[in-house]
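Single-structure report; data block below.
None of the figures in this text is laboratory data; all of them are computed from the coordinates on show. The shown structure was predicted, so the numbers you read here are calculated from the model rather than taken from an experiment. Cβ: placed from backbone, ideal geometry, glycine included. Neighbour counts: every protein chain shown.
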């Protein structure tokens, strides 16, 4: 089987994408913890490995020269093992932790230069965060928890309650407005946290491993809830997780981190189809490729005398969704985009990918 690899981004430049704009543009971001940490970046010390830097200076480089962009209405997933720097990264993006160096541009505005007052306004109105620990106020009803951000933003009671009821209905909690957090299940509490973030109508939603404390069934339900809400409200989302299946299910693009550094960033099929090194290859080893790879990855050039009057599919159709069309076709299936023939797929290519798949994953996005 010939696999045609789409272009993948390993360390994307800040202008690597040709979208109309980047909602979030991160440039050369560093976070160094320890004594005289501000002396590391820009000196020969920044070239040392994490272990060498700690031994020589007592400092830990949690984030090392990370650059990426997040597009409008994209679900951008950051993943890595424990200690990879992913949670530190998202906290730097919101300045819950102050970065050591670099830029974090929100619609072109560097939030690192924002005053404390302006930063509070940004947090109240333009971005919101959903944490693993729900952080609900135990003495407040669901309605008051959800409207809390609007309250501290100065909204009048009637207006904030009206908005709170709208998002409570949106996340499926109608009827629980007067309940208290300890009367709700873990999944319901997380929905309250999500509703609270949505209530202020933020431009960007940040999720820091929000479902890792939930049991598997509730976690799957909440993943589906995020997908549904994204389709309905179209928010730009940055989602932190250590779970590859969660990343593949939710992410339009995935950034993989190791020891504070960016290892690879790309669409799910790029990460699975063309891992850049053994670290990523090990991550994706057990992923059923037929559930992630698209026809673009398995198409091949047509043979000189091969008939080209068979059915057509697009290049972004996931292999498992193309199976019935390809196996039923008596002719090679044409892979076409914009009227241009990119290649063909036959049962041979389809069956080869299915044979590689180790098992059946969760339902995809």
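See the values below:
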{"quantity": "Ranked packing of 183-189, 291-297, 101-107, 71-77, most packed first, by mean Cβ within 10 Å", "calculated": "291-297, 71-77, 101-107, 183-189"}
{"quantity": "Relative contact order [Cα under 8 Å, 6+ residues apart], the chain, whole percent", "calculated": "20"}
{"quantity": "C-alpha center-to-center spacing [region 131-161, region 180-213] in angstrom", "calculated": "11"}
{"quantity": "Relative contact order for region 143-208, counting Cα pairs under 8 Å that sit 6 or more residues apart, in percent", "calculated": "44"}
{"quantity": "Full-stretch length increase - residue 177, residue 354 - with 0.36 nm per residue and alpha-carbon distance subtracted", "calculated": "59.0 nm"}
{"quantity": "Efficiency of FRET between residue 98 and residue 162 - r from beta-carbon atoms, R0 45 angstrom, step 0.05", "calculated": "0.80"}
{"quantity": "Taking region 23-75 and dividing mean pair separation by its residue count, relative contact order in percent (alpha carbons under 8 Å, at least six apart)", "calculated": "57"}
{"quantity": "Euclidean distance of C-alpha centroids, region 248-295 and region 23-66, integer Å", "calculated": "25"}
{"quantity": "Potential lengthening between residue 49 and residue 169 on full extension [0.36 nm per residue; Cα-Cα distance subtracted]", "calculated": "38.3 nm"}
{"quantity": "Of all DSSP beta bridges in the chain, antiparallel share, percent nearest 5", "calculated": "55"}
{"quantity": "Contour minus Cα-Cα distance for residue 331 and residue 285 (0.36 nm per residue)", "calculated": "13.3 nm"}
{"quantity": "The chain: calculated mean residue ellipticity at 222 nm from DSSP helix runs of at least 4, using -39500 (n - 2.57)", "calculated": "-9500 deg cm²/dmol"}
